[in-house]
Amino acid sequence: MSDDAPQVPDTLTGHCMCGAVSYTITERPMVDGLCHCDRCRPQSGSAFSTIIFIHRSAMTIAGETAVFDDIGTSGLRVLRRYCPRCGSPLTTEPDLTPDLMMVKAGTLDSNEWFRPMWELFVGRRRPWVSPVLGAKQIEANPEL
């Protein structure tokens, strides 16, 4: 990353598409990434999901959310939080990592600093999607 790249703010804010749900994150992300798994792709409506990893305790949410109770590749439960009004996906909360969660980077108010450092489930990457130069390529769930 070059020295003139935008810096990650100490506090992050975001919201769903309609604005009914907003959130604040009081720490910088642990890591930024792309997930190519068979569950994140349909949730994102794209070839991959753009995510940041944070501690669950660092996020506060205002507004009503709904949760889709899913099963992850680990076989454990994964909560996929979204806005019930506009359908915007907000978070992925796997039982596999009880202290950590992923936030959908597209919902951040400011995300020009986002640079994927990890790509997850790269064996499921769509053939027309090129690997991100410099990103660690991981075949499954990362070791956290």
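The values are calculated or read from the model by the stated rules, or taken from the named source; none is laboratory data. Computed from a predicted model, the values in this text were never measured in an experiment. All Cβ positions, glycine included, derive from the backbone under ideal geometry; neighbour counts span all protein chains shown. To get the accessible areas, we keep the full protein, side chains included, count just its heavy atoms, and leave off ligands, DNA and RNA. Shrake-Rupley method; radii C 1.70, N 1.55, O 1.52, S 1.80 Å.
Could you tell me whether ARG28 is under 18 Å from GLU139 (Cα atoms), open to solvent by 70 Å² or more (accessible area, probe 1.4 Å) and basic (Lys, Arg)? So ARG28 fails the test. Within the range 85-109, the only residue that satisfies the criterion of being hydroxyl-bearing (Ser, Thr, Tyr) and over 17 Å from ILE61 (Cα atoms) is THR97.
Checked against (1) surrounded by 14 or more Cβ atoms within 10 Å (Cβ to Cβ); (2) out of contact with any Lys or Arg (no Cβ under 7 Å at 6 or more places or on another chain); (3) closer than 16 Å to HIS36 by Cβ, PRO89 passes all but condition (2). Contact map, the range 51-80: first residue closer than 18 Å to MET17 by Cα, second residue open to solvent by 70 Å² or more (accessible area, probe 1.4 Å) and charged (D, E, K, R), Cβ cut-off under 7 Å, separation 6 or more or different chains; the map is empty.
Could you look through the range 92-103, keep only residues that are in contact (Cβ under 8 Å) with a residue 60 or more places away in the chain and open to solvent by 10 Å² or more (accessible area, probe 1.4 Å), and pick out the one that is farthest from the chain's Cα centre (by Cα)? My answer is LEU100. Please enumerate the residues belonging to the range 109-126 that are touching a His at 6+ places or on another chain (Cβ under 9 Å) and either more than 14 Å from ARG41 (Cβ to Cβ) or crowded, with 17+ Cβ neighbours inside 10 Å (or both). ASP109, GLU119, LEU120, PHE121, VAL122, ARG124, ARG125, listed by residue number. For the range 38-56, residues that are of a type in the set (A, V, I, L, M, F, W, C) and farther than 19 Å from LEU133 by Cα total 3.
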